[in-house]
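Below is one structure, written out as structure tokens; the observations come after it.
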Amino acid sequence: MADKGYHSNQTLMALRALGVRSYLSEPERGRRRWLTAPEAQGAVYGNHRRLIGVRGQRLLRRRGEYVERSFAHVYDTGGLRRIHLRGHGNILKRLLVHASAFNLGLLMRHWCGRGTPRGLQGRRGAAAAIRVALVLVAVGFVTTIRSLLSPRTAFSGFTASQSRPAIA
């Protein structure tokens with residue numbers, strides 16, 4: 001699944017060569033003439049046939065419901081449509097934080113029926129469930145970090161007198 005901007009002959013032929021069924025929305029180009037790219041005709045028509053089918057329409061609706069709505073919420077409601085920061089990397093960091101907060105809200109809504117901390121006011125059971133979940137996530141995170149940084153696994157090839165790992 002992808003937007004209209006990703007629909008091109010080269011993309012569809014590459015997906016077909018990989019054995020991937022494409023469901024790419026088509027831009028309104030009008031009638032196509034296949035004199036210059038006859039090898040792309042089969043891939044484009046196959047994509048079109050899948051799009052107008054029942055499964056293609058269902059996938060397009062789900063994309064609009066899950067993907068497009070969440071991006072619209074983050075960009076428009078979250079204010080990222082007009083963001084002023086220095087450097088592309090800083091903009092990407094801000095986008096990552098906003099999208100993570102949006103996803104956390106979805107998880108909270110799924111777990112306890114409320115999507116914001118303010119929505120948990122007056123609900124002790126939900127607040128306790130969130131605390132337990134956050135503790136479990138934190139314990140898992142700490143355990144993962146400890147396993148990555150443990151002296152036995154991370155520096156097993158080093159000795160005190162060597163500056164490089166020992167070669168076996």
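The values are calculated or read from the model by the stated rules, or taken from the named source; none is laboratory data. Predicted, not measured: the structure shown is a model, and the values here were computed from it. Positions of Cβ are backbone-derived with ideal geometry, glycine not excepted, and every protein chain shown enters the neighbour counts.
Being within 20 Å of LEU59 (Cβ to Cβ), polar (S, T, N, Q) and either surrounded by fewer than 11 Cβ atoms within 10 Å (Cβ to Cβ) or without any contact (Cβ under 8 Å) to a residue 12 or more places away in the chain (or both) is the filter here, so list the residues in segment 2-21 that pass it.
SER8
Go through segment 79-98 and count every residue that is within 29 Å of GLU26 (Cα to Cα) and surrounded by 13 or more Cβ atoms within 10 Å (Cβ to Cβ).
Residues meeting the conditions: 2.
Could you give me the residue pairs with C-beta distances under 6 Å whose first residue belongs to segment 55-77 and is at pLDDT 80 or above, whose second residue is part of a helix (DSSP H, G or I) wherever it lies, and which are 6+ apart or on separate chains?
GLY56/ARG50; VAL74/HIS98; VAL74/ALA99; VAL74/PHE102
Of the residues THR11, THR36, which single one is among the polar types (S, T, N, Q) and part of a helix (DSSP H, G or I)?
Selected residue: THR11, the only one of THR11, THR36 that is among the polar types (S, T, N, Q) and part of a helix (DSSP H, G or I).
If I filter segment 24-50 down to residues being modelled with pLDDT under 90 and touching a Leu at 6+ places or on another chain (Cβ under 9 Å), which single residue comes out as nearest to ALA14 (Cα to Cα)?
This residue is LEU24.
For ARG86, work out the one condition from (1) under 27 Å from SER8 (Cβ atoms); (2) more than 22 Å from the chain's Cα centre (by Cα); (3) of a type in the set (Lys, Arg) it doesn't fulfil.
(1)
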